[in-house]
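Quick notes on the structure that follows.
Every number in this text was worked out from the coordinates using simple rules, so none of it is lab data. This is a predicted model, so every value here is computed, not measured. Here the Cβ positions follow ideal geometry from the backbone for every residue, glycine too, while neighbour counts run over all protein chains shown.
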Number of protein chains: 2
Amino acid sequence: MRDVARLAGVGTKTVSRVINAEPNVSAATLARVNDAIAHLNYEPDIHAGSLRRRGGVTRTIGLLVGSVANPFAGSIHRAVEDRAIERGFAVFASSLDEDPSRERNAVSAFIRRRVDGVILTRASSSQAYLLPEIERGLPMVFVDRPAAGIDTDSVLSDNVEGAALATRHLIDRGHQRIAFLGDRADIWTAGQRREGFLREIGQAGISTRETAIVENLEDETTASEAVLALLRREQPPTAIFSSQNLITIGAIRALRVLELQRRVALVGFDDLPMADLLEPGISVVSQNPSGIGDAAARQLFARLDGDRGPIRKIVVPTQFIARGSGEILPPA
Amino acid sequence: MRDVARLAGVGTKTVSRVINAEPNVSAATLARVNDAIAHLNYEPDIHAGSLRRRGGVTRTIGLLVGSVANPFAGSIHRAVEDRAIERGFAVFASSLDEDPSRERNAVSAFIRRRVDGVILTRASSSQAYLLPEIERGLPMVFVDRPAAGIDTDSVLSDNVEGAALATRHLIDRGHQRIAFLGDRADIWTAGQRREGFLREIGQAGISTRETAIVENLEDETTASEAVLALLRREQPPTAIFSSQNLITIGAIRALRVLELQRRVALVGFDDLPMADLLEPGISVVSQNPSGIGDAAARQLFARLDGDRGPIRKIVVPTQFIARGSGEILPPA
DNA sequence: TTGAAAGCGCTAACAA
DNA sequence: TTGTTAGCGCTTTCAA
């Protein structure tokens, strides 16, 4: 910046005015400074500026998602980026991997870099450690799962309703023996989806002895093995509700192995790429990840703009997509 | 930091020593300072530190990919993050969208935030604008596509060989009328894959009048329409090589519409999720995005560690995966 | 319209 | 082992 000032024959404050598009710079000076900037390939240091700037804003936000390699997270990320870029904000992205220590480290990394706000998914069981940051006024929006131990803005899918919708869909087609497949029971969304499932089973007056609840499925392989075991029982389920992406893929594989994909109904929670190209197509309850990301970013920026309104809990609706696998009827 | 120093009854330099795990702090002082840090929930400002620190490192890198919503980019991103996190680095991620102005803006956003290095995919036709940054010593690795107009480290898939492999696979099965489907011809990878295709066609002595080259397919829909048109010709192709992901999906849809998915061979460039669950399974040349990200991050960190060796062009091999669609024989 | 001086939170250099 | 002073690149404050 000193070099630019010297080259343009002005003081550093004038260069500062030009960079920040402040008023009270004559056209001639403006041109001279801009020439000097171009000539020296000068890029101002945002963080040096934020040090003294009132509010200390860095035009940077932090985003913590399940894993940046996961398409669900990718869609959230993209929506957040699109909102951020409009305002000249940059986005730090980190992956959580269901690991509480990664959560803490990521948040700390964001804070040490003085982000203006954060959009977070949680893995640990309490976010009380964020209390001091809230008091300091760090805007914070939770996505996919609500914070525990603190009250913050959040943007969530309607997990209970989505699961209930899928379950009702199967019950309406006459299924009574319906299996529930869930991932790690300590994950908040897993519990919510289980709740929706059980609610509908109860309302339909189906005995819980008829339903199989299989939880803590970690990946495709364990899910596939669990489904193979289920279907080899004496009274196998006539329908399956799989409450997570990878588990649904495992279930599809198991059904194929037994050649039952046209005889046993299957509905998955969360959409799958090319699900409509399989035979039968896979019926799902789809979430709206870019809607979640968009809402979260809007809420965060509203807070950054000074919105001091009450905490908002935004629920993004899910949608049932019938493609065939969920419309299979129970054997007569 | 002043508050911490005061509370611990030491000077700020001592706090600085503790934060940075520098030697020459007595155990007693260390404990007092750490207590004060915990008590005040103090998190040091990395950027304020970097201002004065020699080298000015911020432990931050910038990553620019096609789109963070794209699974290919997601895998690269995740691999980069895994290497970065080991060293306490944070990652800025941005999407390119094949838009030269987004490229410039993203790079500028990174530089203004004083990243220590960048991993970039390009959209614009020349990266000569980065010359000053190179001279200033900003480490830089290009992924997926090489930089143009400057000489930098890069990590690329073997696009020409991969496309040649796919083409040879089809020729070896007796196909003569093979169609090439490509995306925007100005995209570097598109040209490379076309080159590999044409090389094998030429070596097999197949007349180019027998092959159909359809380029500038923008998405699934245009690809699907193009394939429908191709297959309705008098002399339709007996095999299709689709050189990009979304185009392959469009081709699959078109083949299904005409019920030709078991009669016309199809090989795609880039793997598709659940490609093995379709009927027939989709044969592909798969890239190794996490291998690309890993190699790029390793190279970048080697440069950050002071490696001043010659520019490296790393090629990550592709792999042919036979699943059925590519093994369909031409009609007798 | 412009610039000089002070200071943001931290580390380098040096002195104690 | 510890602290003091200066200064990183910028913005604020205030005077010219």
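Descriptive notes on the structure:
- Between the amide H of residue B:63 and those of B:92, B:93, B:94, B:119, distances stay under 5 Å, these residues lying 5 or more places away or on another chain, with hydrogens modeled in the peptide plane.
- Footprinting exposure proxy for A:311, B:321, A:252 (fewest neighbouring C-beta atoms within 10 Å first): A:311, B:321, A:252
- The average projected area of the stretch B:64-142, computed from the convex hull of its Cα atoms over all directions, is 5.1 nm².
- Each of A:323, B:232 was scored by other Cβ atoms within 10 Å of its Cβ. Listed from fewest to most, they are B:232, A:323.
- Using the Cβ-Cβ distance between residue A:134 and residue B:225 with R0 set to 56 Å, the FRET efficiency works out to roughly 0.60.
- Surface/4 estimate of mean projected area, convex hull on alpha-carbon atoms of the stretch A:66-199, nm²: 9.5
- Dipole of the protein assembly as shown [Lys/Arg +1, Asp/Glu -1 at C-beta], most positive-end residue of A:318, B:310, B:258: B:310
- Look at the dipole of the stretch B:138-275 built from charges on Cβ: of B:180, B:228, B:273, the Cα furthest out on the positive end belongs to B:228.
- Couplings 3J(HN,Hα) for the stretch B:305-313, derived from phi with the Karplus relation 6.51 cos²θ - 1.76 cosθ + 1.60 (θ = phi - 60°), are 7, x, 5, 10, x, x, 3, 10, 10 Hz, where x marks Gly and Pro.
- Placing a pseudo-label 7 Å from each Cα along the Cα-to-Cβ vector at residue B:232 and residue B:216 gives an inter-label distance of 2.1 nm.
- FRET E, pair residue B:3, residue B:86, Förster distance 22 Å, beta-carbon r, rounded to 0.05: 0.10
- Summary of the geometry: the stretch B:277-332 and the stretch A:63-135, compared by the centres of their Cα atoms, lie 29 Å apart.
- Converting phi to 3J(HN,Hα) with the Karplus coefficients 6.51, -1.76 and 1.60 and the offset θ = phi - 60°, the stretch A:319-325 yields 9, 8, 10, 8, 10, x, 5 Hz in sequence order, with x at every glycine or proline.
- Charge dipole (debye, nearest 20) of the stretch B:46-98; +1 at Cβ of Lys and Arg, -1 at Cβ of Asp and Glu: 500
- Antiparallel DSSP beta bridges within the stretch A:224-332, percent to nearest 5: 25
- Under the convention that each Lys and Arg Cβ holds +1 and each Asp and Glu Cβ holds -1, the size of the dipole of chain B around its Cα centre is about 1000 debye.
- For chain A, diffusion coefficient by Stokes-Einstein and Kirkwood Rh (Cα), 37 °C, 0.692 mPa s, µm²/s: 146
- Amide H partners (placed H, <5 Å) of residue A:157, local residues excluded: A:144, A:316
- Packing-based exposure ordering (other Cβ within 10 Å, fewest first) of B:59, B:209, B:104: B:209, B:104, B:59
- Average silhouette area of the stretch B:174-332, convex hull of alpha-carbon atoms, in square nanometres: 10.9
- Taking 7 Å steps out from each Cα toward its Cβ at residue A:40 and residue B:315 produces label points 4.4 nm apart.
- Computing FRET efficiency as 1/(1 + (r/R0)^6) for residue B:13 and residue A:305, where r is the C-beta to C-beta distance and R0 is 30 Å, gives about 0.15.
- Rg ratio (alpha-carbon, reference 2.2 N^0.38 Å) - the stretch B:198-288: 1.06
- Between residue B:161 and residue A:257, the distance separating the two model label sites (each 7 Å from Cα on the Cα→Cβ line) works out to 3.6 nm.
- Amide proton proximity set for residue A:184, modelled H, under 5 Å, gap of 5+: A:216, A:217
- Estimated vicinal HN-Hα couplings, Hz - the stretch B:271-279 in sequence order (Karplus 6.51, -1.76, 1.60; Gly, Pro = x): 7, 10, x, 6, 4, 7, 8, 6, 10
- For the stretch A:153-299, with +1 on Lys and Arg beta carbons and -1 on Asp and Glu, the positive-most of A:288, A:196, A:211 along the dipole: A:211
- Within the stretch B:76-184: Cβ-based charge dipole about Cα centre, in debye rounded to nearest 20 (Lys, Arg +1; Asp, Glu -1): 200
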